């Protein structure tokens, strides 16, 4: 059990009931270059069972992870190249491969040859930059490929032409792309496809031809990786601006239509912009349908008309106001569902027989109506629905009719009424005989009655966050089967002796939570009667212990004890050290004692806890740890110890020795100055040790001994001047190599002499004072990643690093390198990535990198290079070259001769190039990405890029082009997808014949109008800001309806009317900074709009109020004061997720400025880059009902921060906790000074971290960053 993981079981939380997991998430590499993750996913699980030498010797690429069959390592089955910076696919030469995952790379296209000869079963290409998948990409996988995942790419359409060759595909995942339509030829998948996941795309209609006007597909038979040939043929053959596309708009062209997918069971269309679902369009076989996070305003009853097998439906986070409709149904509908999720909509009322008006046969096993605006439950509201699981949390229910649950008395088992406005337990609950789980959290209940009259079934009861002043024993005494009781966040001041023993009602309780009450002391018999108790939480109280045996009654069964912010050291002669009261707890597994101001601890404190697995002592004031605190013979099950944020000044030798199961040890942010010999000794399973943010100046030899499985050691942010590897003895092993981080110290001397063999695969020694490069030779057999950035390396001599034969990544950025020898990198035979940026190199040698035969990525930007010599890249395999911000005046044609077949991307911006012509690219024909911005190019001949047939990204921005015919230049770049021409002095934009163009930036020019771009049917992102456009209508009319992102900021537009942007009805993002909009309804037709960036003006609130689907609003405030009228009309903008207010003129802000946003459900409020120095009282209190609120007030001039800006008064927060700002509070870059008025904030931040970690899953690295952020601006009390 860990602090950063959820400790609440499924009995406590219902969220898992409503999760729809469709995949599309890449599998993270374990520590970037370490051993592979283990798992039980078919052949992928093999990665966890292979020896490390197999992984190092992956034949494809040593930075990838490969696996074969057990005892047959020559037979390659699986390839995993996650987070490897690839710009082109490697050559797959092993026909035995069945599983490939290549995620988070820079790959842009899949051509016919990429997977030729492979018979894959699973292919995952997640979070890349894919835009093309050619028609024959999967030609050899016809009967083998079953799972294809292309999530997180830039696909504008499903690759249906390529899928036509797949006759066994059962699962297709294409989440987080730019797909607009479901139309096309599904013929090959009619009998095989079972699940289709298309969340986070640009689909607006689920209907024939929905979005088809933007779609275009290929019927060409070429082997090229895109549909270019077909696009050009159709465009040239047609006089129409938008010719029909056989795979989208023209459904009469043959082939299987989407609705004919006979085996499709699961369809995920969540988080699109769907506002219409047509009847007869969805496959009748569907069982699970996810339409959450869309723009539906009318309940799609057609789902139940046409889909007889439907069992699970999610419609959460739409704009629904009811499940009923006014049209008279000739035939009443049938609704048989296991789950119906209507949460996070706009439902304000529920009528009696809610589902009976339109349905003759209703069965809903689980119904979710959370986060709506329901105020009351009328009589028989769910009559005859057969509901067993009902969620009504986060509404505004204040009245429940006594017969509200009529018809559910024998079916309902789970009822959640959290965060409503109930003052009493509704009488209607008393008749729910089968109820097992009841949540009444965060209401206004002060007395307990009306619980189910049948007392034998209730197992879980939450009364947290109400107005109870005592444990309601009279209301609970008959419920002897209760196993979980949450009474946290009330006003309970006492736990009387024997209260749980009354009528033995507490005899079966396993969990009792009493967090955040007003308990000040515990009686000897406070917990008597809890015969089966396993978990007690008393956190966020102010308890003084007066008797050493207060926990004696629960010592036999108690496994989890949470005392965070709960107990204090003895403060009087009558009180005891709270740790003395823990002595009897011999069965404890999990113990939380953080944030208690503990100053000392006895070696007997945990001596009886033989089952202890996790202990948290962080955020106390411990200065020493007594010898024998953790004893091997007693604490053999201890897995994690957290001692961070104390005042430890030293560690005695063998403080942690021989703890056989210890895996994680956190001692960061203390005051340690030295680490003694054998301070960490014989910890066989220790994997993570954190000693960062201390004051270490010395680490003794043998400080870390016999730690064979140590995978990560953090020593950054200390005061080390030297580091010797003699400090390590028998640390790490071949299957668990070590990641060692000693960055941000003062190390000038690194001694790599080993006292025993050591396996360090990643060494981060950046931000130090290293001047010698040859200090790492003894790590030659294991080191794969060496980070020496931000040091003081000067000239590199020959063979500067010795023979680091396995080194793959070397970072030398931000040093003082002035020169390199020809053989400086000799011995680095496996190097693939080299960073020499931000140095002072003025020349490179001939054959400078010729020893680096595997070099693929080279960054040498921000130096003083004036030329590149011939053969400088000889023998390398460069795919990516960044040589920006140098002084090159001539394109180095000879230098690129040796890498012409491998080079894919070159960054040449911020140089002194003046001229280019076609001959300069004759040796670089495979380039697809070129940046030439901010040079001095004045002339581009028409045929400049004629050899670059694969060019997809081109940046010519900020060049003083004079005599250049751009129209003719781009004739030779038909595959161009991204074009940047900003700040080039253009007065006219020529017609562009770029049929695949998706991104166009012509900002910062002098354009008064746009040339017709309607034929660019893939164009998605257009930036025309900072030009001279005066007519918005003309600009929009020249753009194709495929445009989703439009930036019109800072143009002298006279006005924007209702019809100006009507042709761009699917627009998702719009920037109109410095543009006045006279008509409040100007954007009312842009119902797909997600993001709006605008300047403040009188009717902005009225404009935004007419865009109910808006998710992000950024406002440049021009006035000195931000008044309440700006946002007052946004009461129905419940989908708004981000509100950002900024402006250098702003000096004050009204206390009620956010009152119009009080109905939102998840909101981040950001006030930044203003001159505000003080926040008015109560400014954020209007947002207290928002379930997940985040506040960012960074980058202002705030010099004081008072609690009453967030709460009704300065002390209220201590009583209610930090949960009203669940997403956190960011205050960085303000002139806040540590003074008495800020002490509360330091306490608040520490408590927020603790409460946040109880509710959310927080990974260890994320939690560490959060703690550091919270500690930087705060004060200790």
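The values are calculated or read from the model by the stated rules, or taken from the named source; none is laboratory data. This structure is a prediction, so every number in the text was calculated from the model and none was measured. Cβ: placed from backbone, ideal geometry, glycine included. Neighbour counts: every protein chain shown.
Within segment 508-522, being part of a loop (DSSP other than H, G, I, E, B) and closer than 17 Å to residue 475 by Cβ holds for 508, 509, 514. State all residues of segment 1129-1139 that are surrounded by 18 or more Cβ atoms within 10 Å (Cβ to Cβ) and in contact with a helix residue (DSSP H, G or I) (Cβ under 8 Å, 6 or more places away or on another chain); if no residue qualifies, say none. Hits for segment 1129-1139 are 1129, 1130, 1133, 1136, 1139. Do we have residue 1163 as in contact with a helix residue (DSSP H, G or I) (Cβ under 6 Å, 6 or more places away or on another chain) and crowded, with 21+ Cβ neighbours inside 10 Å here? Judged against the criteria, residue 1163 is not a match.
Consider segment 452-474 and keep the residues that are free of Cβ contacts under 8 Å to residues at least 40 places away in the same chain and not in a loop (DSSP other than H, G, I, E, B). The one that is surrounded by the most Cβ atoms within 10 Å (Cβ to Cβ) is 461.
The rows are residues; the columns are (1) touching a helix residue (DSSP H, G or I) at 6+ places or on another chain (Cβ under 8 Å); (2) surrounded by fewer than 16 Cβ atoms within 10 Å (Cβ to Cβ); (3) free of Cβ contacts under 8 Å to residues at least 40 places away in the same chain; (4) more than 19 Å from residue 1056 (Cα to Cα).
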{"residue": "999", "(1), (2), (3), (4)": "no, no, yes, yes"}
{"residue": "1015", "(1), (2), (3), (4)": "yes, no, no, yes"}
{"residue": "1021", "(1), (2), (3), (4)": "no, no, yes, yes"}
{"residue": "1027", "(1), (2), (3), (4)": "no, no, yes, no"}
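Screening the candidates 102, 141 for the property of being in the same structural domain as residue 62 (by TED's automatic domain parsing) and under 21 Å from residue 195 (Cα atoms) yields one hit, 141. Which ones in segment 861-871 are crowded, with 17+ Cβ neighbours inside 10 Å and more than 15 Å from residue 908 (Cβ to Cβ)? Correct list: 871 only. Restricting attention to segment 789-838, the residues that are assigned to a loop (DSSP other than H, G, I, E, B) and touching a residue at least 60 places away in the same chain (Cβ under 8 Å) total 4. Put simply, of 1082, 1094 the only residue that is part of a strand (DSSP E or B) and surrounded by 21 or more Cβ atoms within 10 Å (Cβ to Cβ) is 1094. Residue check: is residue 1110 part of a loop (DSSP other than H, G, I, E, B), touching a residue at least 24 places away in the same chain (Cβ under 8 Å), in contact with a helix residue (DSSP H, G or I) (Cβ under 8 Å, 6 or more places away or on another chain) and over 30 Å from residue 1161 (Cα atoms)? Considered against the rule, which asks whether it is part of a loop (DSSP other than H, G, I, E, B), touching a residue at least 24 places away in the same chain (Cβ under 8 Å), in contact with a helix residue (DSSP H, G or I) (Cβ under 8 Å, 6 or more places away or on another chain) and over 30 Å from residue 1161 (Cα atoms), residue 1110 comes out as no.
Of all the listed residues (169, 107), the sole one being within 24 Å of the chain's Cα centre (by Cα), assigned to a loop (DSSP other than H, G, I, E, B) and within 28 Å of residue 77 (Cα to Cα) is 107. Could you grab me the full set of residues in segment 422-451 that are in a helix (DSSP H, G or I) and closer than 20 Å to residue 509 by Cα? If the condition is that a residue be in a helix (DSSP H, G or I) and closer than 20 Å to residue 509 by Cα, then no residue fits.
Is it true that residue 188 is assigned to a helix (DSSP H, G or I), over 34 Å from the mean Cα position of the chain (by Cα), at pLDDT 90 or above and on the phi < 0 side of the Ramachandran plot? First the steps, then the outcome.
On the way: assigned to a helix (DSSP H, G or I): yes; over 34 Å from the mean Cα position of the chain (by Cα): yes; at pLDDT 90 or above: yes; on the phi < 0 side of the Ramachandran plot: yes.
When the stated conditions are applied, residue 188 passes them.
This table checks each residue for (1) in a loop (DSSP other than H, G, I, E, B); (2) in contact (Cβ under 8 Å) with a residue 12 or more places away in the chain; (3) in contact with a strand residue (DSSP E or B) (Cβ under 8 Å, 6 or more places away or on another chain).
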{"position": "888", "(1), (2), (3)": "yes, yes, no"}
{"position": "906", "(1), (2), (3)": "no, yes, yes"}
{"position": "911", "(1), (2), (3)": "yes, yes, no"}
{"position": "927", "(1), (2), (3)": "yes, yes, yes"}
{"position": "943", "(1), (2), (3)": "yes, yes, no"}
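Taking the conditions (1) buried (at least 18 other Cβ atoms within 10 Å of the Cβ); (2) not in a strand (DSSP E or B) in turn, residue 979 satisfies each one other than (2).
Against the list (1) under 16 Å from residue 264 (Cα atoms); (2) crowded, with 22+ Cβ neighbours inside 10 Å, the condition residue 147 fails is (2).
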